[in-house]
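Colleague: Could you have a look at this structure, given as structure tokens, before my questions?
The values are calculated or read from the model by the stated rules, or taken from the named source; none is laboratory data. No experiment lies behind these values; they were computed from the predicted model shown. Positions of Cβ are backbone-derived with ideal geometry, glycine not excepted, and every protein chain shown enters the neighbour counts. These accessible areas exclude ligands, DNA and RNA; they are computed on the full protein's heavy atoms, side chains included. Shrake-Rupley method; radii C 1.70, N 1.55, O 1.52, S 1.80 Å.
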Amino acid sequence: MANVAIIGAQWGDEGKGKVVDWLASRADIVVRFQGGHNAGHTLVVGDTTYKLSLLPSGVVRGKLGIIGNGVVLDPDALFSEIDKVRAQGLDVGPHNLRVAENTPLILPLHPALDRAREAARGEDKIGTTGRGIGPAYEDKVGRRSIRVCDLAEPETLSAKLDELLLHHNSLLRGLGSPEFEKQPLLDALLALAPRLLPYAEAVWETLDAARIDGKRVLFEGAQAVMLDVDHGTYPYVTSSNTVAGNAAAGAGVGPNAIGTVLGIAKAYATRVGSGPFPSELFDETGKLLGERGHEFGTVTGRPRRCGWFDAAMVRQAVKIGGVNGLVLTKLDVLDGLPELQICVGYRVNGVAMKRLPAGMRAQAAAEPIFEVMQGWAGSTRGARSYAELPAEAVKYVRRIEELVEAPVMMLSTSPDRDDTIALRDPFAG
Ligand code: GDP
Ligand code: IMO
Ligand code: MG
């Protein structure tokens, strides 16, 4: 099947939203399969900028959007986002947005616990978005979640809330935070039901019908491989599997349905929140990348940490994520830098390594081994063909391909939808 999955190959904010929007013109359905409103995906279409957190980026192209069961859904966040994009002229409703009926909900007690835990960690905080993502996934695997389908069963809701509050209030009490009462939560959920249930369905059936009809599905990842709960820089990660393999479980399709996997990577590197970042820059160049790349978190507004492209890490993400091709974004941000560096491996306690070690202390100790490359004097900004790129920029891209052991299938040269160079059609497999 000619499907495509898009995942981040670094620490998030690589430009997945832009790439999904661009490719959505060639797809019929766009599916979110993990994460929640911790994601912030920016789409620039002419003079209009859309910032999406929960809505699949395909809604901007008028495509069918699906929120899969692998997502944790904050209903208030969903409806405020729907209101926001409607005010921008987009048509979003149950006719073009479907939500898996087995999707777990984020309730107000989840962000409360997320923030209380972060405060308790002090210096060692993860730097979460504070949106309750971790606690909501914990409840899912703890078999306590309230799911979208429960809104149709008031008795189930009441019993589940008792169990949920027993668990959460014990924790909140221990952390010295205010506890939650049942009735206001139950009332809010009952009031929510008539608004959310029209979006709910067995999306696995919708996706199976799409498969039979030969429709093209685009799986939109959030976060990135280095934030994956298993494969990332644990514990400084998010609480879901961000790799493309999770698109199957998180949407209700078989592993063969995933199709071509595109890994999105910036031509340099950024990270929001705490955790190891071997190629991080603390100098003027780091500041310059942040300013030129407008590197501020889409969700929290926090400045993103900036550094050189880490080819060893992206290679690791390519292998773990099963990435068939790379999309390199923000090449324009490097315009005019006289010299560029690429991290090609690490020295960990005196030992050279080609991959990031798994241990927390070892990761913190990883020192980058850099390769120096010549920059380019000309501009790549807005380029729409390879021929428009300066020779050194092409060399830089080619070197990245060699180091990460994957071909670059697309390049992005500005935030705008149309400033994209497509070298291969990912839907062609
Ligand atoms: P996502 O989370 O992966 O969807 O990425 P974000 O939207 O959070 O962050 C990427 C930022 O880079 C957004 O502000 C985009 O508008 C911007 N962007 C995407 N591609 C390019 C590019 O090629 N050049 C420049 N200069 N900005 C880009
Ligand atoms: P998109 O989809 C960048 C980071 C947070 C924190 C860690 C855990 O826009 O790329 P969480 O709230 O998920 O428990 O926080 O993960 N994080 C992101 N960083 N982009 C994102 O999403 C992120 N989503 C979570 O900053 O370090
Ligand atoms: Mg983002």
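Colleague: Say whether the condition of being open to solvent by 30 Å² or more (accessible area, probe 1.4 Å), over 21 Å from the mean Cα position of the chain (by Cα) and free of Cβ contacts under 8 Å to residues at least 40 places away in the same chain is met by at least one residue in the range 237-260.
Modeller: The answer is yes; a qualifying residue exists.
Colleague: Cβ contacts < 7 Å: first residue over 11 Å from residue 328 (Cα atoms), restricted to the range 407-428; second residue buried (at least 20 other Cβ atoms within 10 Å of the Cβ) and polar (S, T, N, Q), any location; separation 6+ or different chain. Result?
Modeller: Note: pairs meeting the criteria are 419/412; 419/413; 426/260.
Colleague: Also, quick follow-up: Residues that are open to solvent by 10 Å² or more (accessible area, probe 1.4 Å), more than 30 Å from residue 280 (Cα to Cα) and within 16 Å of ligand 1 (Cβ to nearest atom): which strands (runs of 3 or more DSSP E) entirely in the range 4-106 hold 2 or more of them? Can you show your working first?
Modeller: Details: elements: 4-8, 29-32, 41-45, 48-52, 64-67, 97-100.
Output list is empty.
Colleague: Picking from 46, 62, which residue would you name as being in contact (Cβ under 8 Å) with a residue 60 or more places away in the chain and on the phi > 0 side of the Ramachandran plot? Lay out the reasoning, then the answer.
Modeller: Details: 62 fails: in contact (Cβ under 8 Å) with a residue 60 or more places away in the chain.
Answer to the check: 46.
Colleague: A follow-up question, please. For residue 117, are the conditions met, namely being under 30 Å from residue 272 (Cα atoms), among the basic types (Lys, Arg), part of a loop (DSSP other than H, G, I, E, B) and not assigned by TED's automatic domain parsing to the domain that holds residue 360?
Modeller: Numbers: under 30 Å from residue 272 (Cα atoms): yes; among the basic types (Lys, Arg): yes; part of a loop (DSSP other than H, G, I, E, B): no; not assigned by TED's automatic domain parsing to the domain that holds residue 360: yes.
So residue 117 fails the test.
Colleague: Could we say that residue 278 is more than 16 Å from ligand 1 (Cβ to nearest atom) and open to solvent by less than 60 Å² (accessible area, probe 1.4 Å) here? Walk me through it before giving the result.
Modeller: On the way: more than 16 Å from ligand 1 (Cβ to nearest atom): yes; open to solvent by less than 60 Å² (accessible area, probe 1.4 Å): yes.
Considered against the rule, which asks whether it is more than 16 Å from ligand 1 (Cβ to nearest atom) and open to solvent by less than 60 Å² (accessible area, probe 1.4 Å), residue 278 comes out as yes.
Colleague: Moving on. Taking only pairs six or more apart or across chains, which ones have beta-carbon atoms under 9 Å, a first residue in the range 275-286 that is under 23 Å from residue 235 (Cα atoms), and a second residue that is acidic (Asp, Glu)?
Modeller: Sorted first by the residue in the range 275-286, then by its partner, the pairs are 277/310; 278/310; 278/367; 279/310.
Colleague: Can you tell me which of (1) under 13 Å from the mean Cα position of the chain (by Cα); (2) small (Gly, Ala, Ser); (3) open to solvent by less than 40 Å² (accessible area, probe 1.4 Å) is the one residue 269 doesn't meet?
Modeller: Among (1) under 13 Å from the mean Cα position of the chain (by Cα); (2) small (Gly, Ala, Ser); (3) open to solvent by less than 40 Å² (accessible area, probe 1.4 Å), residue 269 violates only (1).
Colleague: Given 391, 377, 358, which one is in contact with a Gly (Cβ under 8 Å, 6 or more places away or on another chain), surrounded by fewer than 14 Cβ atoms within 10 Å (Cβ to Cβ) and hydrophobic (A, V, I, L, M, F, W, C)? Spell out the reasoning first.
Modeller: Working: 391 fails: in contact with a Gly (Cβ under 8 Å, 6 or more places away or on another chain); 358 fails: in contact with a Gly (Cβ under 8 Å, 6 or more places away or on another chain).
Matching residue, one of 391, 377, 358: 377.
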